[in-house]
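Here is the structure we will look at, set down as structure tokens.
Any read-out appearing in this document is the output of simple, stated calculations on the displayed coordinates, not a laboratory observation. This one's a predicted model, so the numbers in the text were calculated from it and none came from an experiment. Backbone-built Cβ (ideal geometry, glycine too); neighbour counts: all protein chains shown.
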Amino acid sequence: MRPGLAALAVLAAASLGTPAAMAQPAPLTLEAKIPLGPVRGRIDHLAVDVERQRLFVAELGNDSVGIVDLAAGKVAHRLTGLSEPQGVGWHAPTGTLYVANAGDGTVRLFQAPDFAFAGQITLGDDADNIRFDSRRDRIVVGYGKGALAFIDPASRRKIGEVPLKGHPESFQLDEQGGRIFANVPDARGVAVVDVEAQRQTGSLDLGGARSNFPMAIDGEAHRLIAVARSPARLLVFTTADGKLMTGAETCGDADDVFVDAARKRVYVVCGAGSVDIFDRTNDGYAHAARIRTAAGARTGLFVPATGRLYVAVRAGSGEPAALWVFRAGP
């Protein structure tokens, strides 16, 4: 075949959708649904013990935390009698599960392997998200009408606090560990906290967006990602100077966002019933796909070690309470 005709044949095959042209692997594939049992109401945030393959589920509306055996694909244990648990965090060095309760403002501790009650720390109203500062071996908890509390896991006591201008939603340490960025929807911005000085040093403007709840750090790209609900928008800042780089439309009622560094992607988990997938580009993130989930499923957890995204689906709309397990494609 002459060269010109060969080129035309290739173009024709591509336009007709040959198997080679159509065989694009899905960025997320639903792999399993793990039943959570008789769990009512809203499900909030998740945490993982990678070594023992356990996932912890804050079952806010059920006043419980489910402990899921990922290898067996079932709930192995449930902690009951809690008070609207919102945040959960696993401290691997001490084998301790931290549970932040919105109802009574406590952080309750449970000790592995049997998860016996190991004490509590009273913070105030609306104890919420939990993060670990691995560089300093501290637990950080957002709570109240505006504060971040620092907890020492050795003494199990609060050792410091940073006041903010409103209740903190998701917050993250930057890639160097020197600052905390905290979503503060009531202040319509992102608070910037100096970790060593334990004080707020600035704030980032949302460019007119509001209701900024989820947040993630793309450390490799030196970017901060916050997601607003009004309008539904992915907002991208540079961590170096906090400037708003760009934005992109996304799904509604987002409550979690995760960076998949290995695949240079971002996953936005939305209560509107979907997960939006963005690919990292030189100047921001490009929308790549939308995966359907279930109405109200707005929280989840991406586990880089296994390449799995877990989405918490509450009971309702014909779906029992469950964890939907998505495998990230190449």
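Observations on the model:
- Summing +1 for each Lys or Arg and -1 for each Asp or Glu among the other residues whose beta-carbon sits under 11 angstrom from that of Ile139 gives +3.
- Each Lys and Arg contributes +1 and each Asp and Glu -1, all at the Cβ; summed about the Cα centre of region 42-163, the dipole is approximately 260 debye.
- Scalar couplings 3J(HN,Hα) for region 30-44, obtained by applying the Karplus form with A = 6.51, B = -1.76, C = 1.60 to θ = phi - 60°, are 5, 9, 6, 10, 9, x, 9, x, x, 9, 9, x, 5, 10, 9 Hz; x denotes Gly and Pro.
- Burial ordering of Phe56, Phe110, fewest other beta-carbon atoms within 10 Å first: Phe110, Phe56
- Think of each Lys and Arg Cβ as +1 and each Asp and Glu Cβ as -1; about the Cα centre, that makes the dipole of region 196-302 roughly 200 debye.
- Extension reserve of the Lys33-Thr238 stretch, reckoned as 0.36 nm per residue once the Cα distance is removed: 70.1 nm
- Sequence-ordered 3J(HN,Hα) estimates for region 174-181 from the Karplus curve with 6.51, -1.76 and 1.60 and θ = phi - 60° stand at 6, 5, 9, x, x, 10, 10, 9 Hz, glycine and proline given as x.
- Estimated FRET transfer efficiency (Phe117, Ala262; beta-carbon r; R0 41 Å; 0.05): 0.65
- Spatial offset of region 206-261 relative to region 87-152 amounts to 25 Å, using the alpha carbon center of each.
- Base-10 log of normalised Debye intensity for region 42-163 (one unit scatterer per alpha-carbon) at q = 0.11, 0.15, 0.16, 0.20 Å⁻¹: -0.32, -0.60, -0.68, -1.07
- Residues whose amide H lies under 5 Å from that of Asp126, counting only those 5 or more places away or on a different chain, are Gly105, Gly144; hydrogens are built 1.01 Å from N in the peptide plane.
- Inter-label distance for Thr94 and Glu319, nm, one decimal - labels placed 7 Å from Cα along Cα-to-Cβ: 3.6 nm
- Aspartates and glutamates whose Cα lies under 20 Å from that of Lys264, excluding same-chain neighbours fewer than 8 positions away: Asp174, Glu175, Asp218, Glu220, Glu249, Asp256, Asp276, Asp279, Asp283
- Hypothetical label at Arg210: residues of region 144-168 whose amide nitrogen lies under 12 Å (7 Å Cα-Cβ projection): none
- Only the Cβ atoms of Lys and Arg (+1) and of Asp and Glu (-1) were treated as charged; on that basis the dipole of the chain about its Cα centre amounts to roughly 540 debye.
- The P(r) of region 219-330 has a tail past 21 Å containing 34 percent of all C-alpha pairs.
- Spin-label model, Gln176 to Asp69: label points 7 Å out along the Cα-to-beta-carbon direction sit 4.6 nm apart.
- Amide H contacts of Gly329 (H built 1.01 Å from N, in plane; Pro and chain starts excluded): Leu28, Thr29 sit under 5 Å, all sequence-distant by 5 or more or on other chains.
- Taking each of Lys74/Lys165; Lys145/Lys243; Lys33/Lys243 in turn, the alpha-carbon distance tops 32 angstrom for Lys74/Lys165; Lys33/Lys243.
- The length gained on full extension between Gln53 and Arg135, counted as 0.36 nm times the residue separation minus their Cα-Cα distance, comes to 27.1 nm.
- Crossing angle, helix 3-16 versus the chain [Cα axis fit, 0-90 degrees, rounded to tens]: 50 degrees
- Cα gyration tensor of the chain - equivalent ellipsoid semi-axes, whole Å, descending: 36, 25, 17
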